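**Q** The structure is given below, and queries will be raised subsequently.
What follows is calculated from the coordinates using simple rules that are stated; it is not laboratory data. The model shown is predicted, which means the values in this text are computed figures rather than measured ones. As a convention, Cβ positions derive from the backbone with ideal geometry for all residues, glycine included, and neighbour counts pool all protein chains shown.
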Amino acid sequence: MDIDLKKIKEQVLNQNLISRYLVLILGATLLAINYNLFLLPNNLVIGGTSGLSIIFNRLFNWNPSIFLIFSGIFLLILSLIFLGIQETKVTIVGAILYPAMVSFTAPLANNLIKYLDFDTTIIPVLIAGVLYGTANGLIFKVGFNTGGGDILMKIVNKYAKITEGKANFVINLIIMLSGAIIFGPNKFVYSLIVIYLNSLIIDRILIGISDSKLFIIYTKEIDKVKEYILKDLKTGVTIFEATGGYSQEKSNVLMCAVPNRDYYLFKKVVLEIDSRAFFVINDCYEVAGGVKRRNLPFI
């Protein structure tokens with residue numbers, strides 16, 4: 001039976017729409033407040049249309065809010081032309097909402113900014129990075145984005161045949177280097193700090209904090225290790241067949257998720273059982289289904 005992937009995608013995007021839109025509004029509001037309170041006053045050019053608005057504000061004294069509105073509309077038109085309606089649908093609300101919230105929160109930010117007198121520039125930079133990452137993380141988690149640089153990135157990805165990551169890097173690097181020329185190298189370094197914090201916090205919001213480790217174990221004492229996992233750890237284990245790339249020898253490999261607090265003991269016990277055991281250990285962000293120990297922290 002054929003699977004209608006388009007229909008499945010539409011069903012997923014239509015789930016929990018009200019709560020997702022509320023989160024989008026919250027994220028866009030945080031982005032706008034961060035822009036008006038920290039990015040624009042400190043000339044932090046972090047890429048995208050936000051960065052361009054700060055540059056054009058300095059060069060031509062253009063109103064940043066108006067620039068964001070018109071650039072957002074222009075990029076939506078480009079998205080419809082080059083990417084089509086399906087790609088544009090998940091962008092259109094955020095692309096309109098973010099500039100609108102920047103205009104809406106500007107008066108509030110102008111009244112608050114006089115109370116934000118910091119002894120050093122690094123404090124507003126750190127706050128900007130945390131707010132930026134939190135807002136973007138919330139927006140991405142519910143399946144939306146705010147358009148702008150994301151639209152340019154997808155267009156470049158589609159027609160220049162380079163990955164989205166590279167396209168995003170090139171576009172933002174050009175904008176940030178332009179900011180460095182105009183505002184100086186110190187501002188460029190501060191902008192890098194904001195970008196770094198943004199990426200860290202987005203990852204934490206999207207995939208969470210690793211609270212367990214995924215073990216893949218090759219051992220000659222597979223029955224003893226399996227017994228330890230099942231009886232002492234009281235958690236599930238998967239056994240699958242593997243073939244050595246060099247020796248071509250067939251053997252069984254164990255895979256199981258172990259909570260962080262048991263990581264050290266589990267590893268040491270397995271090595272006591274088989275001192276030549278081979279491990280591959282990765283951070284594990286989520287475990288769903290299967291047989292799990294009842295007191296795992298993520299249950």
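**Q** Taking region 74-99, which residues are in a helix (DSSP H, G or I), over 23 Å from the mean Cα position of the chain (by Cα) and without any contact (Cβ under 8 Å) to a residue 60 or more places away in the chain?
**A** 74, 77, 80, 81, 85
**Q** Which residues, taken from region 160-182, are over 20 Å from the mean Cα position of the chain (by Cα), farther than 17 Å from residue 49 by Cβ and in a helix (DSSP H, G or I)?
**A** 160, 180, 181
**Q** Another question about this same structure. Count, please, the residues in region 235-246 that happen to be exposed (fewer than 10 other Cβ atoms within 10 Å of the Cβ) and either hydrophobic (A, V, I, L, M, F, W, C) or farther than 15 Å from residue 220 by Cα (or both).
**A** 3
**Q** A further question on this structure: If residue 203 meets every condition in (1) within 27 Å of the chain's Cα centre (by Cα); (2) in a loop (DSSP other than H, G, I, E, B) apart from one, which number is that one?
**A** That leaves (2) as the condition not met.
**Q** Identify the single condition in (1) crowded, with 16+ Cβ neighbours inside 10 Å; (2) farther than 16 Å from residue 201 by Cβ that residue 136 does not satisfy, given that it satisfies every other one.
**A** (2)
**Q** Looking at 207, 217, which is the one that is within 18 Å of residue 282 (Cβ to Cβ) and loosely packed, with under 15 Cβ neighbours inside 10 Å?
**A** After applying the criteria, what remains is 207.
**Q** Report, by residue number, each residue of region 244-274 that is closer than 16 Å to residue 234 by Cα and of a type in the set (Asp, Glu).
**A** Listed by number, the list holds a single entry, 262.
**Q** Separate question: List, please: which pairs have Cβ atoms under 6 Å, are six or more places apart or on different chains, and start with a residue in region 162-191 that is without any contact (Cβ under 8 Å) to a residue 12 or more places away in the chain and end with one that is surrounded by 13 or more Cβ atoms within 10 Å (Cβ to Cβ)?
**A** Every condition considered, the pairs that remain are 164/153; 164/157.
**Q** Give the number of residues within region 36-65 that are farther than 22 Å from residue 128 by Cα and among the β-branched types (Val, Ile, Thr).
**A** Within region 36-65, residues that are farther than 22 Å from residue 128 by Cα and among the β-branched types (Val, Ile, Thr) number 0.
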